[in-house]
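Asker: Sharing a structure with you now.
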Amino acid sequence: MVVLQPFYRKITMKHISIGEASIILGVSVVTLRRWDKTNKLTHKFRTFGGHRRYNFNEIISLVSKKEQPNKKVIGYSRGSSSDQKKDLRVQSEVITNYIKSRYNNFEIIEDVGSGLNYKKAGLKKLIKMICNREISALVLTHKDRLLRFGSDIIISICEKFNIEVVVLNSDTTATESFEKTLCDDIISIITVFSAKLYGARSHKNKKSLKAVV
């Protein structure tokens, strides 16, 4: 057992479990077991405990062949507030013109909200599409349209899923001034902090009142 252990580790680095394969392929473990029995997709070997192991590169190849034709190019635009509708429209038009000249299957996702807000509906939809491998490319006018301080995280996730990220303007000057958007973000931080602070104080005061009564 001691002699075989290094060799066993070397093999498992290139192979994945049935659970991991099911997540990548988007099917259940039961389905994979059925495919194994019918030779539709067979495992490469079993561990000493009898668990199936699949070739990682083969699984990735199957995913690429399966999903590539249906993948979309996504254009993402964001305005800091509802009074920035003009800027949002300009962003979407610029992105649409760029995509139309190069791709056919595309969708524009628009968001309204602070660059510090991670719970915007459009952003959540974008992240879900990335993780579901529904996207081949992501187009932005500026990198900070994703998030003010977290855009690199989203871009790293895109790289993990082999999604091309196109930033049309590499500078930090958007159609709405950098100073104004940064000011809006600071106000958002203060608002959230104040709400939590006063909420905590209110809770504390209620407890003190109950103790007196």
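Asker: Can you name the condition, by its number, that residue 185 falls short on among (1) closer than 30 Å to residue 25 by Cα; (2) surrounded by 15 or more Cβ atoms within 10 Å (Cβ to Cβ); (3) modelled with pLDDT under 80?
Answerer: In the conditions (1) closer than 30 Å to residue 25 by Cα; (2) surrounded by 15 or more Cβ atoms within 10 Å (Cβ to Cβ); (3) modelled with pLDDT under 80, residue 185 misses (1) alone.
Asker: Still on this model: I'm trying to understand the selection: among the residues of the stretch 135-164, which are among the charged types (D, E, K, R), in contact with a strand residue (DSSP E or B) (Cβ under 8 Å, 6 or more places away or on another chain) and modelled with pLDDT under 90? Steps first, answer last, please.
Answerer: Step one: of the stretch 135-164, the residues among the charged types (D, E, K, R) are 143-145, 148, 152, 159-160, 164.
After this cut, where a residue has to be in contact with a strand residue (DSSP E or B) (Cβ under 8 Å, 6 or more places away or on another chain) as well, the list is 143, 145, 159, 164.
Within the stretch 135-164, 143, 145, 159 qualify.
The values are calculated or read from the model by the stated rules, or taken from the named source; none is laboratory data. As the structure is a prediction and not an experimental result, all values here were calculated from the model. Glycine also receives a Cβ, built like all others from the backbone with ideal geometry; neighbour counts cover every protein chain displayed.
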